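Presented below is the structure to which this report refers.
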Amino acid sequence: MSWKAELLMLPVLVVAACSGSGRLDSDGLASSDTALEQFARASQLYYRGRLTAALDEFNGVIYRYPDSPVASDARLAVRRLESDLSGEEQQSSAAAEPVIGARIAVVGRSAVNTSIVSVGNAVSTLGAAVTEITDDQAPPLTVVFYTAGFEDDASIVADSLGRWLSHPESIGCRQGDELIGTVAAGYDVLVIVGSDAVFASIPGQGSL
C-alpha cells in the first residue's frame, strides 16, 4: 500500500481510538498531544484538502517527535506535500483570478493591523479598489458584508479568503447596507478582519 493510501486510512483508525478519550477538537480533528495524534491530525487535514495546514502538522511531528516511529512517514509526507503545493502554486499563477469592480473597505481593530494590511493586499489582487481602515469597535470575527447588488463580488472575496486563510476555514458573507453605511460609507463590500484570521498563504507570497 502506498503512503498516500495509508495516509487516507490513518485518520479513521486513530480518530476512532482517540474519540473515546475525548481527543478531538470542535472540528473533529485529532489533538497533537502525541506523535501519533499529531500525525493523525496532519492526515485529516490532508484528507480535507488543507495541504498547507497538513504540511505544518507533519513538520510538527518531525520537529517535536524526531525519534517517533511515525517521524520517517511524516518526512515522506512532507516531501510529497511540498511537491503538491509547488504544483498548485504554478497552476494558480497560470490561472487568471476573477476581477471584481466593487469598492472594498477592509476593517479591523488596531491589534490586527498586520492582518488588515495583508488582507487588503490580497483582496487587491482580485482587481478591486481597496481601502484599509482601523476601527477598535470592529467585531473580533472575520466576515464579509455587502450592499445590495454586490453579492457576487462579496462571494468572490469570501471564497478567496477561505483559500488564503487557514482559520477560519469558511468566511461568512451577508448583506449589510446599514452597517456599511455607518462604518464605511461609499463602499460596496466591507471585509471585517477578526483576531480569528490566521493566514495560510497570500497571492504572490506563498505560505506564511
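Going by average Cβ neighbours within 10 Å, how do the peptides 75-86, 143-154, 56-67 rank, with the highest at the top? Present the calculation step by step, with values, prior to reporting the outcome.
Details: 75-86: 15.7, 143-154: 19.4, 56-67: 17.5.
Highest to lowest by the protection proxy: 143-154, 56-67, 75-86.
Hey, rough spin-label estimate for Gln137 and Arg48, points 7 angstrom out along Cα→Cβ, what's it come to in nanometres?
3.5
Can you divide the C-alpha Rg of the stretch 103-207 by 2.2 N^0.38 Å and report the result to two decimal places?
Cα Rg divided by the expected 2.2 N^0.38 Å: 0.94.
Rule-based calculations on the coordinates, nothing more; no lab input. Everything quoted here is computed from the prediction, not taken from an experiment. Positions of Cβ are generated from backbone atoms using ideal geometry, with glycine treated the same way; all protein chains shown enter the neighbour counts.
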